[in-house]
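One structure below.
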Amino acid sequence: MKKHLFFVFALMLALNISAQTPGTPVESFGTEGIVLFDVNPSYDEARDVLVQPDGCIISLGSTRVGNSYHAFISRHDANGMIDETFANNGIWEYPISGHQSYGGRGSHLYEDGKILMGIHDYNPSNNDCESYLVKFNPDGSLDTSFGDGGIFHYQDNGNSTALKELVVLNNGKINLITFYNNGVGGDKIALVQVNENGTLDTSYGDNGIKVLNITYTYEGTTAEFYGHDAQRAVVQPDGKILIMGFADTYMTPYEGMYLGMLLRLNEDGSLDSSFGDNGMALWNMSEGYDFGMCVAMQSDGKIIAGGHIWKDQTIALHTSVVVTRYNSNGTIDNTFGTNGSVEVEWCEGNQNYAANVIVDANDNISLVGHSYDNNAAVDIFVLNILKDGDINTNYGPTGMFQVCKNNRQNQAYDIAFENGDGGNLIISGQSAYEDYSGRNMLIGKFYSDCASSEPTLTVNPSTISFLFEGGDVETKSYNISGVNLEGSGNIEIAVEGEYTISLDNTNFSSSLNVAYADGELAQTEVFVRMNENLENGTYNGTITNVGGGASATVFLYGTVEVDAISETLNANVNVWGDNGSIMVENISEMNAFVSVYNVAGQPVAVETVGMGSTRINAALNSGLYIVKVVCGSKEMVQRVVVK
């Protein structure tokens, strides 16, 4: 039996792909930095995203089954593959019979790895909205010590309480921030307080709920907003709560307008009278329609507020994105940007919407949103601003970069750092075909220049792939480095699967230690090779790197094929149209086996085809792919580029 070695990952080096340039995709994650995933075939959206210390990504959102919407939570590994050890093969769904349930309406990752998910539920039997809170163990199972078997349910006697966001207070209690309506007047923001064990805190407000009455003052007269809505919230180090949202009013001088508003509440839910106008600071950027969407904090206590505004009321649906900085007392900080704000448009003269904003360890700012261009296509963008309001030109002259280049309708919902308060940028949202059919949940990972104060181990590459067909065993390697590690000590490195590792490329074993000192691990090369004398099959594995309060994983993908093919198959492979399909032509044999691999060596499409020409409908994102066609004793391998 003849065997030889083929190492797919080397193709990345041959292509001279840019390494770690801010705003470029992390090549080892999905396809060109993007994962599109179906929880169910017709509709999925990843509304919130959380990143665990080992780099695994928690997505929380909604999926459609028939005519019903279910809340879901899923976990993907640091390379974008669904983690089937989590929940039920990587996914947990919550169907409520006859209801419409929307997940990812607030979420929280505890230090012990447990997860909170908020659900906004519509009950058609009484035309009311209700709120659910679900707590999971780190493995995706329900935490049965919380609520009723892991679930808390709130219904306010026929009044609607649609969950929009949640925060965990410094005392461990949970505030559900809801969109409240009792059938009298406009909608209001209301907070429901839940104890740590998942029971209603009846000592809070009116039997567990506190409805906010928000006023503003104009020329000495105080008026109440007709209605208001919350979008995002954060908890300050002192326990006070910041809420970003918007309000509508019929009172002078804002008749018929929507105004952005930034609220600060005391821990007991009362408005903080030391902030703004009795607890509320207006975010009034356009003298018309301003929608406050997101909020974050810098280390000095200054507040970053983001949203979108109607740029020109004479032009329908022309909006721009605005980021504003407030002082800790609720006044606008005019030293930031231009008069306190930065205003941008990814698609000039069109619709630009903000989704969420985060701040890194150096107080630099990243905001995710999406835009509609003149052709009605929807693109996700990320805006990057230095801490004092200057554009971060490391991401280009505008400080912005495009997340997707796949000719689909892409919408953004959330953004997070890979390492606590820094590292690569993780994006969540939804992607659909141009006619909005086939909506997938979307996760993206992109390089950044965002510093982190968290203990961080970095591995590069994070994916190594082997196709072994004989000959000498070839050794590959990855580099590991670390910053902000705890004191001095060792990084424990262990491999699982049919692989061994080494520091000197001579002595191989299943585990080893690397010493670090004073919180830093200098770049160290770790060698990897597949075991010899393996039978035909697939051999995947992982290398865990743990120590100093941080962890990182390298994913190994290996295939062994014996009896190497000696004849060449004559066929042509081309890209079909602009939807990421592959056309295989001039197949002279029956039952040809076609495999399409991304540059990380992962299969993205596998299909058996007949003679002649066949179209592989893989819906591939832009990037390089390897297409392998095998028929009997014949084979061909060809590279194709999807633009």
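The values are calculated or read from the model by the stated rules, or taken from the named source; none is laboratory data. Here the structure is a predicted model, which means the values were calculated and not measured. As a convention, Cβ positions derive from the backbone with ideal geometry for all residues, glycine included, and neighbour counts pool all protein chains shown. Please note that ligands, DNA and RNA were not included when accessible areas were found on the heavy atoms of the full protein model with its side chains. Shrake-Rupley method; radii C 1.70, N 1.55, O 1.52, S 1.80 Å.
Go from 0 up to the bin containing the longest alpha carbon distance in region 79-151, width 10 Å each, and give me the % of pairs per bin.
Going out from 0 Å in 10 Å bins, region 79-151 shows 18, 47, 28, 7, 0 percent.
Would you kindly state the longest site-free stretch of the chain, with sites defined as chymotrypsin sites (Phe, Trp or Tyr not before Pro) in a DSSP loop (not H, G, I, E, B) surrounded by at most 15 other Cβ atoms within 10 Å?
Between the exposed loop sites, the longest stretch runs 437-643.
Quickly estimate the mean residue ellipticity at 222 nm for the chain, helices only: each DSSP H run with n ≥ 4 gives -39500 (n - 2.57), and the total goes over all residues, rounded to 500.
0 deg cm²/dmol
Name the residues of region 291-310 whose amide N is less than 12 Å from a point 7 angstrom out from the Cα of Asp238 along the C-beta direction?
301-302
Quick check on the chain: of the DSSP beta bridges with both residues there, what percent are antiparallel, nearest 5%? Write out the running numbers ahead of the final one.
Values: 224 of 233 bridges.
Around 95 percent of the beta bridges assigned by DSSP in the chain are antiparallel ones.
Which loop-located GluC sites (Glu not before Pro) does region 187-282 contain, where loop means any DSSP state but H, G, I, E or B and the Cβ has at most 12 other Cβ atoms within 10 Å?
Glu219, Glu255
Pull out the extension gain between Asn540 and Asn171, defined as 0.36 nm times the separation in residues minus the alpha carbon to alpha carbon distance; nm, one decimal.
Roughly 128.5 nm would be gained on extension.
Might you report the magnitude of the Cβ-based charge dipole of region 105-249 about its Cα centre, with Lys and Arg at +1 and Asp and Glu at -1, to the nearest 20 debye?
Charge dipole, region 105-249, about its Cα centre: 140 debye, nearest 20.
When the dipole is taken about the Cα centre of region 56-159, and only Lys, Arg (+1) and Asp, Glu (-1) are charged at their Cβ, what size is it in debye, to the nearest 20?
Computed charge dipole of region 56-159: roughly 220 debye.
Filter the trypsin sites (Lys or Arg not before Pro) in region 11-101 to those in DSSP coil with at most 16 other Cβ atoms within 10 Å of their Cβ, and list the result. Present the calculation step by step, with values, prior to reporting the outcome.
On the way: sites: Arg47, Arg64, Arg75; in loops: none.
Hits after loop and neighbour filter: nothing returned.
Along the charge dipole of the chain, Cβ charges K/R +1 and D/E -1, which of Tyr353, Val584, Asn536 sits furthest on the positive end?
Val584
Going through region 101-191, which GluC sites (Glu not before Pro) have at most 16 other Cβ atoms within 10 Å and a DSSP loop state?
Here the GluC sites (Glu not before Pro) that fit, given the DSSP loop and packing criteria, are Glu111.
Starting from the Cα gyration tensor of region 479-523, take the square roots of the eigenvalues, sort them a ≥ b ≥ c, and report rounded, prolate or oblate (rounded when a/c is under 1.5, otherwise prolate if a/b is larger than b/c, else oblate).
Prolate.
Based on the alpha-carbon gyration tensor of region 261-337, what equivalent-ellipsoid semi-axes (square roots of 5 times the eigenvalues) come out, in whole Å, largest first?
The answer is 25, 14, 10 Å, longest axis first.
With a Förster radius of 45 Å, plug the Cβ-Cβ distance of Asn394 and Tyr122 into 1/(1 + (r/R0)^6) and report the FRET value to the nearest 0.05.
It comes to 0.55.
Treating only the Cβ atoms of Lys and Arg (+1) and Asp and Glu (-1) as charged, compute the dipole magnitude of the chain about its Cα centre; round to the nearest 20 debye.
840 debye
What does the accessible area per residue of region 50-90 come to in Å², with a 1.4 Å probe and no ligands, DNA or RNA counted?
With the other protein chains kept in place, region 50-90 gives 34 Å² per residue.
At R0 = 30 Å, how high is the FRET efficiency between Ser453 and Tyr110 if r is their beta carbon distance? Nearest 0.05 is fine.
According to the calculation, E is roughly 0.95.
Would you work out which of Asn440, Leu133, Tyr478 lies farthest towards the positive end of the dipole of the chain? Charges go on Cβ: Lys and Arg +1, Asp and Glu -1.
Farthest towards the positive pole: Asn440.
For region 399-461, give the percent of accessible area contributed by carbon and sulfur heavy atoms, probe 1.4 Å, rounded to a whole number.
39 percent
How long is the gain from Thr202 to Asn89 if the chain were fully straight, where each residue apart is worth 0.36 nm and the alpha carbon distance is subtracted?
36.9 nm
Provide the descending list of Cα extents for the chain along its principal axes, expressed in whole angstroms.
Per principal axis, max minus min of the Cα coordinates gives 90, 58, 50 Å.
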